[in-house]
1. Residues of the stretch 134-164 with amide nitrogen under 20 Å from the 7 Å Cα-to-Cβ point of residue 113?
2. If you fit an axis through the alpha-carbon atoms of helix 57-73 and take the longest principal axis of the Cα set of the chain, what angle between them do you get, 0 to 90°, nearest 10?
3. Which peptide among 8-21, 65-78, 157-170 comes first, and what is the full order, when sorted by highest mean count of other Cβ atoms within 10 Å?
4. Treating the angle as unsigned and between 0 and 90°, give the value, to the nearest 10°, between the Cα long axis of helix 7-19 and the longest Cα principal axis of the chain.
5. In 10 Å bins starting at zero, report the fraction of Cα pairs in the stretch 98-178 per bin as a rounded %.
6. Could you work out, for the stretch 1-88, what percent of all Cα-Cα pairs fall into each 5 Å distance bin, beginning at 0 Å and stopping at the bin that holds the largest distance?
7. Using a Förster distance of 25 angstrom, determine the FRET efficiency expected from the C-beta separation of residue 142 and residue 24, and round it to 0.05.
8. I need 84, 191 ordered by Cβ neighbour count within 10 Å, fewest first.
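No lab work stands behind these numbers, since they all come straight from the coordinates. Please read these numbers as outputs of a predicted model, since none were measured by experiment. Positions of Cβ are generated from backbone atoms using ideal geometry, with glycine treated the same way; all protein chains shown enter the neighbour counts.
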């Protein structure tokens with residue numbers, strides 16, 4: 001799930017996951033121009049996705065986030081992908097009709113104008129977790145605005161240097177269940193996975 005501005009990192013992360021034996025089924029690129037705080041846009045996106053709006057802005061935003069989570073993780077709502085694309089909420093590639101139990105967020109913003117982490121990255125991992133999927137967040141070491149604090153609050157393992165080999169190794173260990181904030185920034189609590197010998 002790409003929620004940040006660093007497109008080149010998504011390709012590097014995909015390659016690292018595939019080299020480690022992972023199978024990427026569905027890739028979602030959340031639109032950085034869709035305003036999740038705009039009540040009218042959220043309502044229209046729900047209608048386009050054939051979901052009945054409640055009229056309550058907070059509830060409707062949660063419904064939209066849950067629709068994205070279902071599309072990504074369950075394998076039962078692949079039809080929503082086209083509707084969410086039509087509503088300009090996200091674009092999807094791959095097979096959304098295959099369940100995903102592990103989800104990688106690729107985030108980090110280049111400016112505050114493109115930073116939707118307080119809405120999308122704070123809520124989508126929780127919605128995925130409720131559906132039985134484990135989410136891990138990663139970003140480039142060059143990210144101007146880090147999403148790590150938001151992901152940490154959402155209970156995710158994080159990697160703040162996924163643009164280099166050690167960060168990609170940490171990402172694999174995080175997906176394997178090692179819970180830590182890996183990386184080199186001040187939000188990190190580990191440079192390398194515990195099982196590799198760093199105390």
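1. So the set is 143-147.
2. 60
3. Values: 8-21: 15.0, 65-78: 21.4, 157-170: 22.9.
Going from most to least packed, we get 157-170, 65-78, 8-21.
4. 60
5. Going from the shortest bin to the longest, the percentages are 20, 52, 26, 2.
6. 3, 13, 23, 21, 18, 11, 7, 4, 1, 0
7. Details: r = 23 Å, r/R0 = 0.94.
Efficiency, from the Cβ-Cβ distance: 0.60.
8. 191, 84
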